[in-house]
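Here is the structure we will look at.
Bear in mind that the values in this text are calculations on the coordinates, not laboratory data. These numbers were taken from a predicted model, which means no experiment stands behind them. We place every Cβ from the backbone using ideal geometry, glycine too, and count neighbours over all the protein chains shown.
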Amino acid sequence: MGINDVKLQTRLLAFFLILGLSPLLSIGIVSSLIAGRSLMEQSYFQLEGMREVKKSQLQNYFSERQGDVMVLTDIVSAFQNRGEQRLQGTDDVLVSQEEDDFYSNYIEQYGYYDLFLIHPDGDIFYSVSKEADFGTNLTNGLYRSSPPQL
């Protein structure tokens, strides 16, 4: 049974069926290719956006570390100067102007509200902002029941 033995009606039906399905198959293939490209482009845009976010995070991180290094440099310098003053016997103040400037810069650099120097007995002997808590005692003074604000 060859192709010549099949009825004309069946051959025409098969021909028109193939002819009708060809555009559908072509549209499906083209749509699939276009969708694939669109998904690929969208993925690239998302990755580029994520790259920019990560870049910004890294820049902020290194900027903060640079600030840390600057503060640490100031700390070392301040302690060296303070140690030299104590060795020479010229240290007659609790906190020098240079240290006060350093502490002010420190809270500004790190975004703190205030900085306290507290004696082991609980006395607050230094405060950058010199508010009501300055000069009080944390173990038996006015603020003994207040939790520390971190």
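Taking Y61, Y126, Y44 in turn, the Gaussian network model of the chain (Cα-Cα springs below 10 Å) assigns the largest fluctuation to Y44. Shown here: semi-axes √(5λ) of the Cα gyration tensor in Å, derived from the displayed model; of the candidates (1) 83, 20, 10; (2) 33, 20, 15; (3) 29, 21, 15, it corresponds to (1).
Scaled against the 2.2 N^0.38 Å expected of a compact globular protein of N residues, the Cα radius of gyration of segment 95-135 reads 1.13.
In this simple spin-label approximation, L24 and L39 carry label points 7 Å from Cα along the Cα→Cβ vector, and these lie 2.3 nm apart.
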